[in-house]
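> Supplied in structure tokens, the structure appears directly below.
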Amino acid sequence: MHRFNLCFDAGKFVDEFELKMAEYTGAKKAVVCVNGTNALHLALKMVGVERDTEVITQPLTFIATANAIAYCDAHPVFVDVDMETMGMSPSVLSEFIEGHTIPDPKTGKRINKLSKRLISAVVPMHTFGHPCRIDEIAEICNHFNIPLVEDAAESMGSFYKGKHTGTFGTIGVLSFNGNKILTTGGGGMLLFQDETLAKKAKHLTTQAKVPHPWEFVHDEIGYNYRMPNINAALGLAQLEQMPEFIQNKRNIAAMYKAYFENSPWTFFVEPEYAESNYWLNVVLFENKNERDEFLRYSNEHGVMSRPSWQLISKINFFYSSITIDLKNSEWLEDRIVNIPSSFNKCTLKAS
């Protein structure tokens, strides 16, 4: 008699990729998703972000950060970034929580005094791969009992005080999109220090299906967020090359730094307490007009450059969101230019 097996497992490469990514980042557990935005959405759901709650984040970020908040029917609150990191400012975060929120007398959780909504999470982002002052942010979140979800989508291979980004909060999120240092074509990952929480995430990414030899039993609303096995195989091959990828990116950044030292413009470098992957290299110009002239000239001459994202707080469907002291974000928005940053074995030469 022949035996047939209908296999619904994610695949051995998925399991191996999760294991090796946990080892690389220093997380206790890792759970892959089909993309980084799905991973961020699930992370927010898992820490308790619900309809009509508020999530504190930064306006200088890719729109996926705010979109994931909107997927939960929650409301973003935008606080300013630091000039030296381009990531969330711990001091502005602390001032907002202390000045604009009060503890709920029953739960102790923070409530916005004006909107009366629960502050359900804080989501900083490591902008262009440069680590923000994440230890200070984590300390603030712990003090006020607010879950910290770390958007490390751009910072695979970046370290803050010797610790990989994405491992400071309740959950960290990585992206393996096609433009990232490590790519699986599309993909994302959740990083956990709590193994029970990781097990729950794995369950939810696979449609919340309860293990059974043959029956289909689902015990809650789940998501089809699991990564295909073939993508995980690509991720494993990429992970083997991460030291070369990071060194190459840092070499490119070092050449840019030397080149721009003889120019009137500023090349943005990693904070002294961090090791950045230099995912996207940044040049800061004196003003918006100078920035725009550079963008026009470089693109007309076949060198792709681009400005930073428009601040999320200025996008029409987030325009009514609460914003707190965005002077640094607005200053940077007018001056940032991203210059070519792809993995490249060529040598940068001055012209």
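> Select from region 224-257 the residues that are of a type outside the set (S, T, N, Q), surrounded by fewer than 17 Cβ atoms within 10 Å (Cβ to Cβ) and in contact with a strand residue (DSSP E or B) (Cβ under 9 Å, 6 or more places away or on another chain) and list them in ascending order.
ARG250, LYS257
> Can you report the number of residues in region 36-64 which are surrounded by fewer than 23 Cβ atoms within 10 Å (Cβ to Cβ), within 18 Å of the chain's Cα centre (by Cα) and in a loop (DSSP other than H, G, I, E, B)?
The total comes to 2.
> Output the residues belonging to region 258-281 that are closer than 16 Å to LYS180 by Cα, in contact with a strand residue (DSSP E or B) (Cβ under 7 Å, 6 or more places away or on another chain) and among the polar types (S, T, N, Q).
ASN281
> Here is a further query. When you look at LEU190, is it touching a Lys or Arg at 6+ places or on another chain (Cβ under 8 Å) and either part of a strand (DSSP E or B) or open to solvent by 20 Å² or more (accessible area, probe 1.4 Å) (or both), yes or no?
no
Here's the yes/no breakdown for (1) on the phi > 0 side of the Ramachandran plot; (2) without any contact (Cβ under 8 Å) to a residue 12 or more places away in the chain; (3) not aliphatic (A, V, I, L, M):
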residue: ASP80; (1), (2), (3): no, no, yes
residue: PRO90; (1), (2), (3): no, no, yes
residue: ASP104; (1), (2), (3): no, no, yes
residue: LYS116; (1), (2), (3): yes, yes, yes
residue: PRO124; (1), (2), (3): no, no, yes
residue: THR127; (1), (2), (3): no, no, yes
residue: ASN142; (1), (2), (3): no, yes, yes
residue: SER158; (1), (2), (3): no, no, yes
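> Ok, one more. Inspect all residues belonging to region 265-276 and state whether any of them is open to solvent by 50 Å² or more (accessible area, probe 1.4 Å) and more than 28 Å from ARG133 (Cβ to Cβ).
Among the residues of region 265-276, not one is open to solvent by 50 Å² or more (accessible area, probe 1.4 Å) and more than 28 Å from ARG133 (Cβ to Cβ), which makes the answer no.
> Tell me, yes or no, whether region 207-218 has at least one residue that is assigned to a strand (DSSP E or B), touching a Lys or Arg at 6+ places or on another chain (Cβ under 8 Å) and open to solvent by 10 Å² or more (accessible area, probe 1.4 Å).
The answer is yes, given that some residue of region 207-218 is assigned to a strand (DSSP E or B), touching a Lys or Arg at 6+ places or on another chain (Cβ under 8 Å) and open to solvent by 10 Å² or more (accessible area, probe 1.4 Å).
> Scanning region 154-185 for residues that are aromatic (Phe, Trp, Tyr) and in a loop (DSSP other than H, G, I, E, B), which turns out nearest to the chain's Cα centre (by Cα)?
PHE176
> So which of GLU150, GLU154, GLU95 ends up being among the acidic types (Asp, Glu) and farther than 16 Å from THR25 by Cα?
Step by step, each of GLU150, GLU154, GLU95 is checked, and only GLU95 is among the acidic types (Asp, Glu) and farther than 16 Å from THR25 by Cα.
> May I pose another question? With the structure loaded, tell me whether VAL269 is β-branched (Val, Ile, Thr) and more than 25 Å from the chain's Cα centre (by Cα) or whether it fails that test.
Taking the combined requirement at face value, the residue does not satisfy it.
> Considering each of ILE119, ILE102, ILE97 in turn, give the residue that is in a strand (DSSP E or B) and buried (at least 16 other Cβ atoms within 10 Å of the Cβ).
The match here is ILE119.
> Related question: Quick check: is even one residue across region 73-81 within 18 Å of ILE336 (Cβ to Cβ), under 16 Å from the mean Cα position of the chain (by Cα) and open to solvent by 10 Å² or more (accessible area, probe 1.4 Å)?
no
The values are calculated or read from the model by the stated rules, or taken from the named source; none is laboratory data. If you're wondering where the values come from, they're calculated on a predicted model, not measured in any experiment. Positions of Cβ are generated from backbone atoms using ideal geometry, with glycine treated the same way; all protein chains shown enter the neighbour counts. Only protein heavy atoms, including side chains, enter the accessible area calculation; ligands, DNA and RNA are left aside. Shrake-Rupley method; radii C 1.70, N 1.55, O 1.52, S 1.80 Å.
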